[in-house]
1. Given the residues A10, A26, A51, A79, which is the only one that is closer than 20 Å to G147 by Cβ, touching a Gly at 6+ places or on another chain (Cβ under 9 Å) and of a type outside the set (S, T, N, Q)?
2. Step by step: first the residues of segment 121-148, then only those that are within 13 Å of A79 (Cα to Cα) and open to solvent by 10 Å² or more (accessible area, probe 1.4 Å), then the one that is farthest from the ligand (Cβ to nearest atom). Which residue is that?
3. Of these, G82, G44, G69, G37, which one is within 29 Å of T128 (Cβ to Cβ) and more than 15 Å from the chain's Cα centre (by Cα)?
4. Select, from G44, G2, G37, G61, the only residue that is within 17 Å of L150 (Cβ to Cβ) and out of contact with any strand residue (DSSP E or B) (no Cβ under 9 Å at 6 or more places or on another chain).
5. Consider G111 carefully, then state whether it is closer than 30 Å to E23 by Cα and more than 16 Å from the ligand (Cβ to nearest atom).
6. Just to be sure I understand the filter: pairs with C-beta atoms under 7 Å, separated by 6 or more residues or on different chains, first member in segment 155-172 and within 16 Å of A143 (Cα to Cα), second member of a type outside the set (A, V, I, L, M) and open to solvent by 60 Å² or more (accessible area, probe 1.4 Å). Which pairs pass?
Amino acid sequence: MGFCLVNNVAVAARHMQSEQGVERIAIVDFDVHHGNGTQDAFLGDDSVLYASLHQSGIYPGTGRVGEGGSTTVNVPLQAGSGDEEWIDAFARHVEPAVVRFEPELVLVSAGFDAHEDEDLYLVDIRVTDAGFRELAKRCAGLAPRIGVVLEGGYNLGTLSRLVSAALEGFGQESATAG
Ligand SMILES: [Zn+2]
């Protein structure tokens, strides 16, 4: 719909399946916008789980609870949500679904536009640097292998710092999962 010319994470998933013999892949998407293209790409394909945290009611308008198929997990959050709501939603909805799915690989759509200093139109989620570090750490605990694709994040004054915080988290496996 205009934000991305190529769906990098979808291409990565298909590449890992066709060229690297990986069968079961979970895509975890914490960009503030719903990944409607990724959801569509794997609709009806139970070898790829798609799980998304996103702000409810903004672009692209999709991602309601129950939308998609048996391997789709949509977790819309209200404007004004912060670390507590995002991490709680991740722990209650994303982690159990991914653990049940038993992926060989987790691919993360790592968007940083849910940050408290993001000023993109209508975006109002207040995840902190520490929140992204924690989300990343939890992602790393979900499968033996992880790949990460940079998605949104439009405040160039904070983006490099947030990527660094997330990389710290991705380097640490969570003790609570996996
Ligand atoms: Zn986004």
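1. Working: A26 fails: touching a Gly at 6+ places or on another chain (Cβ under 9 Å); A51 fails: touching a Gly at 6+ places or on another chain (Cβ under 9 Å); A79 fails: closer than 20 Å to G147 by Cβ.
That would be A10, the only listed residue that is closer than 20 Å to G147 by Cβ, touching a Gly at 6+ places or on another chain (Cβ under 9 Å) and of a type outside the set (S, T, N, Q).
2. Quick first cut of segment 121-148, residues within 13 Å of A79 (Cα to Cα) only: 121-127.
The next check asks that each one be open to solvent by 10 Å² or more (accessible area, probe 1.4 Å); those that pass are 121-124, 126.
On the way: Y121: 11, L122: 11, V123: 8, D124: 13, R126: 15 Å.
Checking each candidate, the answer is R126.
3. G82
4. Numbers: G44 fails: within 17 Å of L150 (Cβ to Cβ); G2 fails: within 17 Å of L150 (Cβ to Cβ); G61 fails: within 17 Å of L150 (Cβ to Cβ).
Step by step, each of G44, G2, G37, G61 is checked, and only G37 is within 17 Å of L150 (Cβ to Cβ) and out of contact with any strand residue (DSSP E or B) (no Cβ under 9 Å at 6 or more places or on another chain).
5. Numbers: closer than 30 Å to E23 by Cα: yes; more than 16 Å from the ligand (Cβ to nearest atom): no.
It is false that G111 is closer than 30 Å to E23 by Cα and more than 16 Å from the ligand (Cβ to nearest atom).
6. Final answer for the pair search is G169/R133; G169/K137; Q172/K137.
The values are calculated or read from the model by the stated rules, or taken from the named source; none is laboratory data. Quick caveat: nothing in here was measured; it's all calculated off a predicted structure. Note that we place each Cβ from the backbone using ideal geometry, even for glycine, and neighbour counts take in every protein chain shown. SASA here: full protein model, heavy atoms, side chains in, ligands and nucleic acids out. Shrake-Rupley method; radii C 1.70, N 1.55, O 1.52, S 1.80 Å.
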